Number of protein chains: 4
Amino acid sequence: MPTDSVDRLRREVCALHDELVRWGLVTWTSGNISARVPGTDLIVIKPSGVLYDDLTPESMVVTDLHGTVVDGAYAPSSDTAAHAYVYREMPEVGGVVHTHSPYATAWAARGEAIPCAITAMADEFGAEIPVGPFALIGGDDIGKGIVATLTGHRSPAVLMRSHGVFTIGRDARSAVKAAVMCEDVARTVHLARVHGPVEPLAPEHVDALYHRYQNVYGQRAADDTTEGAGS
Amino acid sequence: MPTDSVDRLRREVCALHDELVRWGLVTWTSGNISARVPGTDLIVIKPSGVLYDDLTPESMVVTDLHGTVVDGAYAPSSDTAAHAYVYREMPEVGGVVHTHSPYATAWAARGEAIPCAITAMADEFGAEIPVGPFALIGGDDIGKGIVATLTGHRSPAVLMRSHGVFTIGRDARSAVKAAVMCEDVARTVHLARVHGPVEPLAPEHVDALYHRYQNVYGQRAADDTTEGAGS
Amino acid sequence: MPTDSVDRLRREVCALHDELVRWGLVTWTSGNISARVPGTDLIVIKPSGVLYDDLTPESMVVTDLHGTVVDGAYAPSSDTAAHAYVYREMPEVGGVVHTHSPYATAWAARGEAIPCAITAMADEFGAEIPVGPFALIGGDDIGKGIVATLTGHRSPAVLMRSHGVFTIGRDARSAVKAAVMCEDVARTVHLARVHGPVEPLAPEHVDALYHRYQNVYGQRAADDTTEGAGS
Amino acid sequence: MPTDSVDRLRREVCALHDELVRWGLVTWTSGNISARVPGTDLIVIKPSGVLYDDLTPESMVVTDLHGTVVDGAYAPSSDTAAHAYVYREMPEVGGVVHTHSPYATAWAARGEAIPCAITAMADEFGAEIPVGPFALIGGDDIGKGIVATLTGHRSPAVLMRSHGVFTIGRDARSAVKAAVMCEDVARTVHLARVHGPVEPLAPEHVDALYHRYQNVYGQRAADDTTEGAGS
């Protein structure tokens with residue numbers, strides 16, 4: 001186990017949970033974040049059922065890609081099997097986030113994809129945010145549904161039917177950003193439709209916005225402290 | 001009076017009121033928490049009409065199971081009779097919470113049960129969240145309505161008609177968690193239905209989720225700092 | 001000018017503005033509080049257009065009951081004429097609050113009274129929250145509309161048509177509580193009606209709840225730190 | 001480059017971003033503020049994709065009126081071209097703000113102007129808040145749409161179709177206030193219409209309110225710490 005990488009990711013994954021709280025994505029203990037340890041078959045993930053205020057880097061759990069605990073005093077998140085499946089099947093993924101954020105989960109409860117109707121959504125998701133199948137917790141079904149839905153899709157977020165949101169990213173921070181923006185656009189499009197129909201953007205506009213945002217936005221080169229979202 | 005237990009519960013019940021504020025369940029002084037003193041016929045409850053910022057462990061009130069003050073300088077919550085009735089009739093209950101949290105109270109105002117339509121709701125409530133009768137404050141009527149509705153029901157939460165939420169738990173913390181999750185699912189299902197019908201989960205899925213959550217989630221054994229909610 | 005009373009009220013009125021911010025009733029500088037100096041024809045009121053973060057006891061303005069500045073370096077709130085009219089015509093009033101809190105102002109924009117449909121509303125308001133006439137700022141018209149609507153009405157809150165909320169109380173703190181609870185019930189009843197009709201409570205239930213709350217709730221005797229709202 | 005003015009504006013523009021966060025107008029990095037350096041063809045603007053917590057006066061970017069960086073270590077906001085176009089074409093403008101605030105962006109997603117239906121809106125905007133055309137980021141199109149829509153219009157805010165809000169002001173603080181109030185009225189009118197039609201104010205009332213607010217509200221003379229919004 002590469003101790004330095006694991007220690008860094010324990011701190012990073014722990015700290016990123018504060019963003020779930022800050023942006024209103026979680027209630028009580030209802031969301032979790034994981035990160036792949038680069039170059040290994042290990043992940044760092046939230047312990048199950050621990051309150052966000054009580055999280056420490058040391059309480060994070062290290063598991064293999066089948067969810068077996070390799071290091072840590074706590075049981076890992078009850079969603080570990082879904083995270084692990086994604087890492088097994090999508091080698092480009094370095095971070096996974098799961099929430100029940102309210103507006104996005106409302107779309108999931110209806111089983112309705114969020115249409116790509118605003119430019120911020122085209123920037124980050126490049127498409128509608130799709131719906132994945134209903135699946136019970138406890139085996140590989142949720143993971144399979146995530147991978148089947150997101151493979152070949154631009155969107156880093158999937159609305160798992162009657163359940164909530166899973167997002168992926170090249171690292172945990174990117175997946176957290178996708179979860180935050182998913183709730184933001186879920187809310188805006190929800191509100192917009194209350195008073196009338198909302199047209200999706202034209203596909204060529206979505207393409208233009210997505211390519212620009214992924215390639216031009218933010219600080220170039222070795223600046224790791226910046227990231228996108230329309231600013 | 002077992003002084004150590006009472007002192008511990010004064011601190012715990014006082015501190016838990018912060019969670020009602022943090023999760024947006026209360027306005028001004030509109031919610032209260034109580035706990036049974038284990039092995040006794042006593043409860044510890046919020047004083048009536050004291051602002052959350054002004055609560056101290058010493059200001060908590062100790063009453064018997066008929067709401068008569070046994071210890072404390074303040075009058076107990078005006079809802080004490082309802083709490084006390086629940087403790088008298090439901091010996092397994094160690095904590096009771098009452099709020100007027102907005103989304104849940106909106107369902108209560110219509111007198112409509114919240115259908116069990118998302119997995120987080122199946123986890124925590126194992127069923128719809130039921131509606132109890134309209135009852136006036138001041139006697140045993142509210143308590144009777146709570147007990148009649150929750151007896152034999154999986155849900156630890158009841159929507160008292162045109163009034164608000166009461167939740168029960170094995171201790172005060174469990175009842176607080178139920179109140180927090182009740183508002184969370186009340187909001188998500190409310191939002192979901194704004195744009196179309198929402199199907200309840202299949203009963204066998206509700207059963208599977210409920211049993212797993214109650215038995216597998218969180219940290220096992222002597223770890224009291226963890227608790228459930230989908231993480 | 002009774003210096004001690006004025007100094008105390010400058011501190012109290014200044015501090016109470018924090019409650020408007022805390023409960024989400026105000027945006028930028030859009031709400032104000034005043035108090036009558038007991039036994040005088042003077043009031044203490046917020047200065048016009050000063051940000052809440054910048055308010056100090058010294059910045060509060062003392063005016064007579066026609067809004068003429070008696071003491072203070074700033075111009076008084078642009079709503080001073082409305083406050084002053086209320087104090088002139090309603091001698092029992094010791095505090096006035098004005099906000100554009102969002103849910104209550106939404107009812108005001110439609111010109112629709114909030115039906116008394118939940119017990120917390122019966123407790124505090126004892127009736128529907130009525131609508132007052134549309135009136136332009138700058139003279140006595142707003143004050144006249146408030147007084148005409150609230151005279152003989154149990155409700156300490158009025159929804160001024162297409163404008164916002166005014167509340168009254170025996171002192172500034174009571175008027176602030178009424179403004180906080182007005183927004184709370186405006187939100188709950190708004191949410192309730194989204195998914196179906198909401199029946200008002202029976203008049204005899206409203207009466208019973210109102211009389212009990214006004215006479216039984218909270219701490220009796222010389223305890224000034226407690227107040228009502230369903231706890 | 002007038003160093004004192006630029007340094008002052010770096011601090012001011014940096015600090016004003018806290019108001020976007022405080023009033024809930026931005027998510028992750030999704031909004032930006034700029035100011036014109038008085039008497040020059042320079043502006044100070046947020047760096048692209050930097051988190052609000054990480055902003056410092058030093059990280060602000062100085063560009064000319066074509067968006068070319070004159071001073072600063074970071075790339076400027078990806079919206080710089082739109083800001084710069086506004087400053088080129090509207091010499092009276094000293095500040096520009098861009099957000100995707102949720103309620104206002106919901107109106108923008110439908111392409112519907114916000115009717116002037118409440119007095120706070122007449123005060124600040126003096127008219128409906130208009131919709132500007134859909135335009136892609138990356139050239140002058142957004143800037144042209146803003147200028148074409150706001151020229152000769154009282155409103156300092158425009159809802160850019162399927163995108164979000166741009167506001168202008170005599171300085172950055174005024175533009176921030178317009179962005180804050182735009183979201184506030186977008187929310188209130190949205191909520192009002194949920195339960196029935198909302199009539200716009202009569203034009204003569206809008207005129208009277210607007211003229212009074214722009215000329216009477218707040219502290220006169222050399223008091224720069226005060227500003228309007230109905231207090």
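The values are calculated or read from the model by the stated rules, or taken from the named source; none is laboratory data. Every value quoted in this text rests on a predicted model; they were computed, and no experiment measured them. For neighbour counting, all protein chains shown are included, and Cβ atoms are generated from backbone atoms with ideal geometry for every residue, glycine included. All accessible areas refer to the heavy atoms of the entire protein, side chains included, with ligands and DNA or RNA removed. Shrake-Rupley method; radii C 1.70, N 1.55, O 1.52, S 1.80 Å.
Screening B:ASP18 against (1) surrounded by 24 or more Cβ atoms within 10 Å (Cβ to Cβ); (2) away from chain C (no Cβ under 12 Å); (3) not hydroxyl-bearing (Ser, Thr, Tyr) leaves a single unmet condition, (1).
For every residue, the table says whether it meets (1) at the interface with chain D (Cβ under 9 Å from one of its Cβ atoms); (2) under 30 Å from C:VAL189 (Cβ atoms); (3) out of contact with any Phe, Trp or Tyr (no Cβ under 7 Å at 6 or more places or on another chain); (4) not hydroxyl-bearing (Ser, Thr, Tyr).
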position: C:GLY67; (1), (2), (3), (4): no, no, yes, yes
position: C:GLY72; (1), (2), (3), (4): no, no, yes, yes
position: C:ASP79; (1), (2), (3), (4): yes, yes, yes, yes
position: C:ARG88; (1), (2), (3), (4): no, no, yes, yes
position: C:HIS100; (1), (2), (3), (4): yes, yes, yes, yes
position: C:TYR103; (1), (2), (3), (4): yes, yes, yes, no
position: C:ALA106; (1), (2), (3), (4): yes, yes, yes, yes
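Apart from one condition, C:HIS190 fits all of (1) open to solvent by less than 10 Å² (accessible area, probe 1.4 Å); (2) farther than 30 Å from D:HIS190 by Cβ; the exception is (2).
Quick grid of which residues meet (1) more than 18 Å from A:VAL26 (Cβ to Cβ); (2) of a type in the set (Ser, Thr, Tyr); (3) without any contact (Cβ under 8 Å) to a residue 12 or more places away in the chain:
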residue: A:ILE45; (1), (2), (3): no, no, no
residue: A:LEU55; (1), (2), (3): no, no, no
residue: A:VAL62; (1), (2), (3): yes, no, no
residue: A:VAL69; (1), (2), (3): yes, no, yes
residue: A:ALA73; (1), (2), (3): yes, no, no
residue: A:HIS83; (1), (2), (3): no, no, no
residue: A:GLY95; (1), (2), (3): no, no, no
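Checked against (1) within 14 Å of the chain's Cα centre (by Cα); (2) under 24 Å from C:ASP64 (Cα atoms), C:LYS144 passes all but condition (1).
Rundown of residues vs (1) within 14 Å of another protein chain (Cβ to nearest Cβ); (2) closer than 28 Å to C:VAL44 by Cβ; (3) out of contact with any Lys or Arg (no Cβ under 9 Å at 6 or more places or on another chain), yes/no style:
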position	(1), (2), (3)
C:THR149	no, yes, yes
C:SER174	yes, yes, yes
C:MET181	yes, yes, yes
C:PRO197	yes, no, no
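Yes or no: C:ALA127 touching a residue at least 60 places away in the same chain (Cβ under 8 Å), facing another protein chain (nearest Cβ under 9 Å) and either part of a loop (DSSP other than H, G, I, E, B) or in contact with a helix residue (DSSP H, G or I) (Cβ under 7 Å, 6 or more places away or on another chain) (or both)? Spelling it out, it is not the case that C:ALA127 is touching a residue at least 60 places away in the same chain (Cβ under 8 Å), facing another protein chain (nearest Cβ under 9 Å) and either part of a loop (DSSP other than H, G, I, E, B) or in contact with a helix residue (DSSP H, G or I) (Cβ under 7 Å, 6 or more places away or on another chain) (or both). Residue under question is B:THR63, and the condition is that it be in contact with a Ser or Thr (Cβ under 7 Å, 6 or more places away or on another chain), over 24 Å from B:ALA106 (Cβ atoms) and among the β-branched types (Val, Ile, Thr); does it hold? Yes. Filtering A:ALA117, A:ALA135 for residues that are open to solvent by less than 10 Å² (accessible area, probe 1.4 Å) and in a loop (DSSP other than H, G, I, E, B) leaves a single hit, A:ALA117. Determine, yes or no, whether B:PRO57 is at pLDDT 95 or above and open to solvent by less than 10 Å² (accessible area, probe 1.4 Å). Answer is no for this residue.
Restricting attention to the stretch B:143-168, the residues that are open to solvent by 10 Å² or more (accessible area, probe 1.4 Å) and under 20 Å from B:LEU20 (Cβ atoms) total 3.
Applying the selection to the stretch C:30-41, what residues are in contact with a helix residue (DSSP H, G or I) (Cβ under 7 Å, 6 or more places away or on another chain) and either surrounded by 15 or more Cβ atoms within 10 Å (Cβ to Cβ) or at positive phi (or both)? Correct list: C:SER30, C:GLY31, C:ILE33, C:SER34, C:ALA35, C:ARG36, C:VAL37.
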